[in-house]
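S.K.: After the structure tokens below, expect a handful of questions from me.
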Amino acid sequence: MRKKFVLLVTALGMSFSFGQKIKFDSKKTKDQFISEIMSQMTLEEKLGQLNFPTSNDFVTGSAQSTDVGKKIESSLVGGLFNIKGVDKIKEMQRIAIEKSRLGIPLLFGMDIIHGYETVFPIPLALSATFDINAIEKSARISAQEGTADGIQWTFSPMVDISRDPRWGRIAESAGEDPYLASRSGEAMIKGYQGKNLSLKNTMMATVKHFALYGASEAGRDYNHVDMSRWTMYNTYFPPYKAAVDAGVGSVMTSFNVVDGVPASGNKWLMTEVLRNQWGFKGLVVTDYTAINEMINHGIGDLQTVSAMSLNAGSDMDMVGEGFLTTTKKSLDEGKVKIEAIDQAVKRVLEAKYKLGLFEDPFRYTDSKRAKTEIFTKENRAEARNIAAGAMVLLKNDHQVLPLKKDTKIALVGPMADATDNMPGTWAIAARYNDAISLKKALSSKNIAYAHGANLVENKVDFDNATIFGKKPKWDERNADILIKEAIETVKNSDVIVAAVGESSEMSGESSSKTNLDISTTQKKLLQALYDTGKPVIVVLFTGRAMTIGEENEKATAILNTWFGGTEAGDAIADVLYGNVNPSGKLPVTFPRSVGQIPIYYAHYNTGRPISKDANDNCKFEKYRSNYLDQCNTPLYPFGYGLSYTTFSISDLKLNKTSVKQNESITATVNLKNTGNYDGAEVVQLYIKDVFGSTVRPVRELKGFQKIFLKKGESKQVTFTIEPEDLKFYNAELKFVSEPGDFEVYVGNSSNADLTSKFTLN
């Protein structure tokens, strides 16, 4: 027996004996190295690799005595979730390397969604830049800072398509459009992962949430999702697939059901689509307790749903510990096979190998980096620039903006002095006290300040809207007194800047809303400000599209700032004073009312469409697809955004009017800055497939370029329309392009009207 065992070890080519600490061997291939590790692992150790708990907080030096520390010693942990601080991470890694039997290193992951300590605009705002280089740069800096503090794995980008702004997590998305979401996601993955995951300043990215999470019914978080596979493939799947094609290291499951089966236990989704159809070979991690939540879906007990999730293709169980505590019993009962366990373990170990953790488990725990590479002056300057580029100028009557340096400003509103709200939702590692509020940014200017109104009408609603602790100021005085005080403050001003909208946690996870208006108490303040006759500039803080028809009608100007991150206040001031010309565009349609939702530009025509005249002039037509009480059109369309200057887009030319299936086609336009300021314009190209075997959207975004021009300058802008841009999934879910006519539209929003045609043969 002994002889046979020795022969087996020899045949496997092991460089270490059973039970010894593993040692990295660069001469072995990844597969050889991992196979040798797995040959030494007990079942319990294998299941431990699939366990991804939260660390809870601990005092450095006490890690070993904590519950999670003891589990690490016992090889029952594969990685840790949302632990912050390089010294804490180093201590946990030391326990894994020195105290566990085999010394397998841990993965350390965190929700680095839009920045680490230097926080960039929320993801929806990043998409509003329509600037791929800026988006990539934000992720690059996030990776630099996160890895300097010990983090190797981020749970970003989120590419869920959302066409319902009632859903709070639209703030974390790229908005409503598959093309924009795909390009944004690719840029973030490139920024996080770089060209080599083993470098000490790159981290593994995670595309989420797979799949369809942004389509929750009624915009209510964690709710049911129901859609056809045709819609999945054509609208909701493309950004996930783009992320896989971009080489994303991991995929996170979603909370919702897909085809009636919870995503974390959906074998069709995670094996047939993700792995077999798309060729994904990386790590699948569940969302936070997603396996456990399958019990509430009515699928079965913890053992049942854990086995279902493992068999479906989940590799790592975030926080729930279902894999750890039930899988041995499922194996004994034949409900899972050892091959499924081994496959999951292999993927976890492969991720660690690619990150260089076997070669050097402490490569991400250099305390010198933590002191010199985080929250630097240079990083904050980039965050400021990117935040300014994300802001969308929605209205600017009488060119009230930009402000002159000597303008007397009355700064009013609950969001003016809300420092810890500036980073926005899901800014886990942010230095909230170091964020720049608008009041602080304008403190050196000629301003008078008044709170003016509370965020919402009553303290109960206020506490619900600020449940995560980031609370704007609450004033106990009567609302009328606050307004009166504000009116006194504005008397000597030339212009009023009203900082209103949402708090940072009124959007994000578990922040769904049925009413997207600015709160009643803020509206009362705004009306009092309008009544003064002075120009009112609404500075809108929001993580979603809002219904601001009244504000659009009455305000002199509206600047949508989203939540701009650490440097938000200074970035807003840069735009208000014209140091930066606003160039952001809406990545999501702004409805006139909640009753229009879902509303998005790439809709399908009906058999009874409203006439163009009625649509453009908001006229009702009987027996046509429209509302009795509301226009079909949005308040602001997708891709919309003004500038302090003006641009003309003209002379659209196609290099061909007839193309074959495998041929590309180029479209050129002339862009000219016709105004009085230097600035950037986002030129957008849309395509309409005129006739198809299935219905096709009225138009689809297929290209965009952000072009900076000095006043009076012009430039030819060229787009290449590739064969892939003309393809879609037909009724049989085959990805095809069909012969026929195509219309091309170029402009500065989804209402682009510069058009030409070509034929696909």
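S.K.: Could you check the range 142-162 and list, in sequence order, the residues that are in a loop (DSSP other than H, G, I, E, B) and surrounded by fewer than 24 Cβ atoms within 10 Å (Cβ to Cβ)? Write out each step before concluding.
M.R.: Of the range 142-162, the ones in a loop (DSSP other than H, G, I, E, B) are 149-152, 155-157, 159-162.
Result: no residue meets the conditions.
S.K.: Let me ask something else about it. If we scan the range 330-337, do we find a residue that is surrounded by fewer than 24 Cβ atoms within 10 Å (Cβ to Cβ), in contact (Cβ under 8 Å) with a residue 40 or more places away in the chain and among the basic types (Lys, Arg)?
M.R.: no
S.K.: What pairs come up if the first residue lies in the range 691-715 and is within 20 Å of Lys585 (Cβ to Cβ), the second is assigned to a strand (DSSP E or B) and among the acidic types (Asp, Glu), and their beta carbons are under 6 Å apart, counting only those six or more places apart or on different chains?
M.R.: Once the first residue is within 20 Å of Lys585 (Cβ to Cβ) and sits in the range 691-715, its partners that are assigned to a strand (DSSP E or B) and among the acidic types (Asp, Glu) give Ile707/Glu681.
S.K.: Moving to a separate point now. How many residues are farther than 16 Å from Asn579 by Cβ and touching a Leu at 6+ places or on another chain (Cβ under 9 Å) if we restrict to the range 672-687?
M.R.: Applying the first criterion (farther than 16 Å from Asn579 by Cβ) to the range 672-687 yields 672-675, 681-687.
Next, from what is left, pick out any that are touching a Leu at 6+ places or on another chain (Cβ under 9 Å): 672-673, 681, 683-687.
Qualifying residue count, the range 672-687: 8.
Listed here are the residues, each with its yes/no results for (1) touching a residue at least 40 places away in the same chain (Cβ under 8 Å); (2) surrounded by 22 or more Cβ atoms within 10 Å (Cβ to Cβ); (3) assigned by TED's automatic domain parsing to the domain that holds Val86.
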residue	(1), (2), (3)
Gly279	no, no, yes
Thr286	no, yes, yes
His297	yes, no, yes
Met318	yes, yes, yes
Gly322	no, yes, yes
Glu339	no, no, yes
Val348	yes, yes, yes
Gly356	yes, no, yes
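S.K.: Could you grab me the full set of residues in the range 443-471 that are of a type in the set (Gly, Ala, Ser) and either closer than 19 Å to Val538 by Cβ or within 26 Å of the chain's Cα centre (by Cα) (or both)?
M.R.: First pass over the range 443-471, keeping only residues of a type in the set (Gly, Ala, Ser): 443-444, 448, 450, 452-453, 465, 469.
Residues satisfying the conditions are Ala448, Ala450, Gly452, Ala453, Ala465, Gly469.
S.K.: For residues in the range 448-493 being at pLDDT 95 or above and of a type in the set (Val, Ile, Thr), which is nearest to Glu505 (Cα to Cα)?
M.R.: The extreme case among them is Ile483.
S.K.: In addition: Here are some conditions: (1) assigned to a helix (DSSP H, G or I); (2) at pLDDT 95 or above; (3) touching a helix residue (DSSP H, G or I) at 6+ places or on another chain (Cβ under 7 Å); (4) farther than 20 Å from Glu136 by Cα. Gln343 meets all but one. Which one does it not meet?
M.R.: (3)
S.K.: Filter the range 10-51 down to residues that are β-branched (Val, Ile, Thr) and either within 22 Å of Ile95 (Cβ to Cβ) or crowded, with 16+ Cβ neighbours inside 10 Å (or both) and give me whichever is modelled with the lowest pLDDT. Explain how you work it out, then say what you get.
M.R.: To start, the set of residues in the range 10-51 that are β-branched (Val, Ile, Thr) comprises 10, 22, 29, 34, 37, 42.
Filter once more, keeping what is either within 22 Å of Ile95 (Cβ to Cβ) or crowded, with 16+ Cβ neighbours inside 10 Å (or both): 22, 34, 37, 42.
Values: Ile22: 91, Ile34: 97, Ile37: 97, Thr42: 98.
The selected residue is Ile22.
S.K.: Ok, one more. Keeping to the range 734-753, report how many residues are surrounded by 13 or more Cβ atoms within 10 Å (Cβ to Cβ), touching a Phe, Trp or Tyr at 6+ places or on another chain (Cβ under 6 Å) and over 24 Å from Ala128 (Cβ atoms).
M.R.: So the count comes out to 2.
S.K.: Within the bounds of the range 602-613, is there any residue that is part of a strand (DSSP E or B) and at positive phi?
M.R.: No, there is no match, as no residue in the range 602-613 is part of a strand (DSSP E or B) and at positive phi.
S.K.: If I ask for residues that are farther than 11 Å from His451 by Cβ, surrounded by 14 or more Cβ atoms within 10 Å (Cβ to Cβ) and of a type outside the set (S, T, N, Q), which ones from the range 465-478 would you list? Give the derivation first.
M.R.: The first filter runs over the range 465-478 and keeps only residues farther than 11 Å from His451 by Cβ, leaving 465-471, 476, 478.
Narrowing further to those that are surrounded by 14 or more Cβ atoms within 10 Å (Cβ to Cβ): 465-466, 468, 470-471.
If the condition is that a residue be farther than 11 Å from His451 by Cβ, surrounded by 14 or more Cβ atoms within 10 Å (Cβ to Cβ) and of a type outside the set (S, T, N, Q), then Ala465, Phe468, Lys470, Lys471 are the ones that fit.
S.K.: Identify the residue in the range 358-391 that is basic (Lys, Arg) and closer than 23 Å to Thr129 by Cα and, among all such residues, is surrounded by the most Cβ atoms within 10 Å (Cβ to Cβ). Let's see the steps before the verdict.
M.R.: Filtering the range 358-391 for residues basic (Lys, Arg) gives 363, 368-369, 371, 377, 380, 384.
So of that shortlist, the ones also closer than 23 Å to Thr129 by Cα come out as 377, 380, 384.
Details: Lys377: 6, Arg380: 20, Arg384: 24.
Looking at residues that are basic (Lys, Arg) and closer than 23 Å to Thr129 by Cα, I get Arg384.
S.K.: Does Lys241 satisfy the criteria of being of a type outside the set (A, V, I, L, M) and touching a Gly at 6+ places or on another chain (Cβ under 8 Å)?
M.R.: Here the answer is no, as Lys241 does not meet what is asked.
S.K.: Does Leu394 satisfy being buried (at least 20 other Cβ atoms within 10 Å of the Cβ), of a type outside the set (Phe, Trp, Tyr) and over 24 Å from the mean Cα position of the chain (by Cα)?
M.R.: Spelling it out, it is not the case that Leu394 is buried (at least 20 other Cβ atoms within 10 Å of the Cβ), of a type outside the set (Phe, Trp, Tyr) and over 24 Å from the mean Cα position of the chain (by Cα).
S.K.: Still on this structure, I have one more. Consider Tyr627 against the criteria (1) crowded, with 18+ Cβ neighbours inside 10 Å; (2) of a type outside the set (D, E, K, R); (3) out of contact with any Asp or Glu (no Cβ under 9 Å at 6 or more places or on another chain); (4) not assigned by TED's automatic domain parsing to the domain that holds Leu760: it satisfies all of them except one. Which criterion is unmet?
M.R.: (1)
S.K.: I'd like the residue in the range 251-267 that is over 14 Å from His224 (Cβ atoms) and among the small types (Gly, Ala, Ser) and, out of all such residues, is surrounded by the fewest Cβ atoms within 10 Å (Cβ to Cβ).
M.R.: Gly265
S.K.: OK, next. Given the criterion more than 20 Å from Gln596 (Cβ to Cβ), of a type outside the set (Lys, Arg) and in a loop (DSSP other than H, G, I, E, B), identify the matching residue among Gly565, Gly543, Gly569.
M.R.: Being more than 20 Å from Gln596 (Cβ to Cβ), of a type outside the set (Lys, Arg) and in a loop (DSSP other than H, G, I, E, B) holds for just one of Gly565, Gly543, Gly569, which is Gly565.
S.K.: Any chance you could count how many residues in the range 114-130 are of a type in the set (A, V, I, L, M) and closer than 13 Å to Met158 by Cβ? Give the steps one after another, and end with the answer.
M.R.: Kept after step one, since they are of a type in the set (A, V, I, L, M), are these residues of the range 114-130: 119, 122, 124-126, 128.
Then keep just the ones that are closer than 13 Å to Met158 by Cβ; that gives 122, 124, 126.
Final tally of qualifying residues: 3.
S.K.: Report yes if Ser182 is touching a His at 6+ places or on another chain (Cβ under 9 Å), at pLDDT 95 or above and over 20 Å from Met318 (Cα atoms), otherwise no.
M.R.: In short, no.
The values are calculated or read from the model by the stated rules, or taken from the named source; none is laboratory data. Just so it is clear, the model here is predicted, and its values are computed rather than measured. All Cβ positions, glycine included, derive from the backbone under ideal geometry; neighbour counts span all protein chains shown.
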